[in-house]
Amino acid sequence: MDDFTSQCCSLIKKVDEILKYNSEWVQRYGGYAKQILLNEDDLKYKKTNFNEWAPLYLYMTIGEAKGNLLFSLRYVGQDVAKLKVDGQGVTIATNSFTERNMRDFGCNIHLSNHSWSSKEASDFRKHFSNKPIRLDVSKKNDEHRVESLLLTEFSKSDSKDKMICNIQPVKFSGIARFQMKTPLTSSNISNICYEKKAGSGGGIDIISRIGIGRGTKLCVMEVKDENVAAEPPRNAVLQGLSYGVFVLNLLRSESGDLWWKIFGFKGKLPDSLELYIVCTMPSSEVNDISFAEKVINYKQDFFHLHYLYFQEENQCIKKIETSLKQCKKKELLNDN
DNA sequence: CCCGTTCAAACACCGACGTA
DNA sequence: TACGTCGGTGTTTGAACGGG
């Protein structure tokens with residue numbers, strides 16, 4: 001076993017112990033799952049009342065999905081408004097985002113429960129469809145922006161202008177983008193902590209389904225907005241792996257079959273899972289591919305390690321280099 | 001501002017594909 | 001073989017666009 005693999009194994013063991021020692025998540029996440037599934041039909045119905053209009057995308061937190069079913073509307077991954085659907089129809093409110101909308105996107109439209117079909121709401125959508133330049137120079141939100149670009153790319157259902165195929169992001173009820181929160185903080189790999197407070201743990205950047213047909217696999221992607229020596233790809237793999245250990249524990253917990261459903265699978269939870277862990281970051285001059293296709297056994301399940309290096313251009317993902325073979329386009333496979 | 005036109009999103013259906 | 005999931009195609013619907 002090479003050094004990196006043994007580093008992975010000791011990390012898996014450590015996270016496994018943390019989750020065993022702090023078992024309160026089992027009940028907590030079981031409760032989330034029941035509430036989210038109870039709300040599923042309501043959420044789908046609410047969505048039939050309006051269209052998602054690029055480049056504004058619908059998001060929902062776990063809290064919103066299990067509670068009030070407010071949609072978050074985001075531009076380049078940043079909250080710009082909340083949508084509410086009730087007996088009165090669809091309404092949009094910018095409430096606490098107004099100031100940042102002005103500061104970051106030059107948007108001076110203030111909405112407080114305006115109708116989705118009102119002139120004001122239409123002007124608001126139009127402002128963002130003109131692709132406003134981010135006025136804020138700090139790159140604080142760049143990871144959210146990059147995540148959003150990747151989600152838009154992976155969500156495409158037409159392979160003609162899709163960089164890679166057979167990948168679809170997991171969304172609540174197939175509708176709202178979300179971040180799968182974990183009870184772990186893993187941003188510092190050498191100091192993984194447990195978080196009891198709901199919503200305070202680290203989130204899985206992108207959780208997606210990969211493959212075609214019955215054997216479609218779940219995939220945890222750890223996204224970085226930079227590919228620099230201080231945060232090398234291997235660290236992203238380790239961070240993704242720590243979240244992966246949580247996902248497998250969740251799927252093997254008493255609410256595992258419910259979460260399998262939430263992740264968008266219609267069939268039975270498999271007896272043995274293959275969970276893909278993908279380091280997802282911008283291409284560098286020499287991309288680290290040393291960990292590609294490593295398989296690590298964990299109880300009855302398996303982790304598969306992969307990379308996905310991308311280039312962007314003009315707010316779009318333009319080129320992807322990946323070890324995910326099942327995602328490669330046919331014409332590219334035949335070229336070899 | 002209204003209303004017909006145009007365009008993009010959503011939907012319904014089904015074939016391809018890969019797995020149990 | 002049966003089944004689950006992605007994506008292709010054609011149609012419907014929601015919202016933008018533009019002329020008057």
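Tabulated values for the structure
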read-out: Which of A:Asn68, A:Ile109, A:Asn51, positive extreme of dipole for region A:42-129 (C-beta unit charges); value: A:Asn51
read-out: Cross-link table A:Lys34/A:Lys181; A:Lys224/A:Lys330; A:Lys162/A:Lys325; A:Lys20/A:Lys268; A:Lys217/A:Lys268; A:Lys44/A:Lys66, entries beyond 22 Å C-alpha to C-alpha; value: A:Lys224/A:Lys330; A:Lys20/A:Lys268
read-out: Relative compactness, chain A, computed as alpha-carbon Rg over 2.2 N^0.38 Å; value: 1.00
read-out: Amide H contacts under 5 Å for A:Lys329, placed H, 5+ residues apart; value: A:Cys165
read-out: Antiparallel bridges, percent of DSSP beta bridges restricted to chain A (to nearest 5); value: 75
read-out: Computed magnitude of the charge dipole of region A:42-129 (debye, nearest 20; Cβ of K, R +1, Cβ of D, E -1); value: 120
read-out: Given charges at beta-carbon only (K, R positive; D, E negative), |dipole| of region A:1-52 in Debye; value: 220
read-out: Whole-Hz couplings from phi, Karplus 6.51/-1.76/1.60, listed for region A:213-224; x for Gly and Pro; value: x, 5, x, 4, 10, 7, 9, 9, 10, 9, 9, 10
read-out: Charged-residue dipole, Cβ positions (Lys, Arg, Asp, Glu), chain A about Cα centre, Debye nearest 20; value: 860
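Every number in this text was worked out from the coordinates using simple rules, so none of it is lab data. None of the values given here were measured: they were computed from a predicted structure. Positions of Cβ are backbone-derived with ideal geometry, glycine not excepted, and every protein chain shown enters the neighbour counts.
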